[in-house]
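Readers should treat all values here as calculations from the given coordinates under stated rules, not as data from a laboratory. Note that this is a predicted model, so its numbers are computed, not measured. For neighbour counting, all protein chains shown are included, and Cβ atoms are generated from backbone atoms with ideal geometry for every residue, glycine included.
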Amino acid sequence: MASINQTGTGIRLPNFCNLGVMLRALVVVNLFVFAAAAMRTRTLEGYWYEFLLLAAFVEPVLILSLVVLCAARRPLHAMGYVPAIFAISLFEVVLAWGMSEAFQAFFPDVPPLPFTLVAFLALFATLCTLLYFDMRARALSPAIAEARIQALQARIRPHFLYNSINAALSFIRSEPRKAERVLEDLADLFRVLMADNRTLAPLGKEVDLARQYLAIEQLRLGERLRITWNVDAMPAEALVPPLILQPLVENAVYHGIEPADGGGEIKIDIRREGERVLMVLTNPFSGTNGHPGGNKMAIANIRERLQLHFDVEAAMRSEVVDGQYRVTIRVPYITGEST
């Protein structure tokens, strides 16, 4: 079963370039080092000596492995899951044996380990680590979790649907072109919402979808809704979780613009900062005078999908600053060529 992973593709190999994957691999392998040191001695003083000795051998192997596997992620992904596992296992055995020979040259007093033992330990640690990542990916995206996320993604408040249809009806006789545009935008919006949204999507398409949504709301709200787009520096090719902007602008209209007597302005700033993409959405904060409920469901949904796709490399923050509600999202800059 394909699962959501850090690169958005349908394979089960972890993205070894992902910071979260690197940190978890370090933790898993070092747990083996702790256990192995405990098995080799029964005294506290001897334990720390054994641990440092094993760490001096394991850590360079682990770091070099992560560097090489990150650089080789494309050919590994192209090979398929099972052949990639064999390739990784063979590489780890060769690397561990080569490192053991170099280790023996630096520590001649330490008894050398036979090749069969080195190969067994390398295979055991490698397969256990890959099994952990595979089980973690499956645990993060079972059918129930995917169904819940899909339901949240496909959810548009009934009031928006009713208001959009009423807006189209009000324009049918006086301004038929406007009515036609409203229905076309509404159809495009629901077509995207009903699609399979488990993989990453280009940021440019997400912006177009948010523009269509706001175009419908602007026809209904008129001058009460003011929109400022700062997207000149936006990397349209960057891949982001689908429906990452539309729920935010929907909340901005529902909780920020509609309750305000004079309406307000929604600002959307999107730009690239080095190897990251920054998205900032700002709207008026109505406090306790807004609609019942809040932004928590949409915010929690987006935060969950950011974690599923990017792990610890993505960040999201919501805050109230000077009477404005601000949502800031940072994701790694990746494209179709870099996955």
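A compact table of results
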item: Kirkwood hydrodynamic radius of region 155-332, from inverse mean 1/r over distinct Cα pairs, in Å; result: 16.9 Å
item: Given charges at beta-carbon only (K, R positive; D, E negative), |dipole| of region 19-141 in Debye; result: 500 debye
item: Label-to-label distance, nm, for residues given as ALA187 and ALA56 (7 Å Cα→Cβ offset); result: 7.3 nm
item: By average C-beta atoms within 10 angstrom, highest first, the peptides 177-186, 211-220, 251-260; result: 251-260, 211-220, 177-186
item: Local electrostatic count at PHE115 - Lys and Arg +1, Asp and Glu -1, tallied over other residues with Cβ under 14 Å; result: -2
item: Segment ALA139-GLU319, length gained on full extension (0.36 nm per residue, minus Cα span); result: 61.7 nm
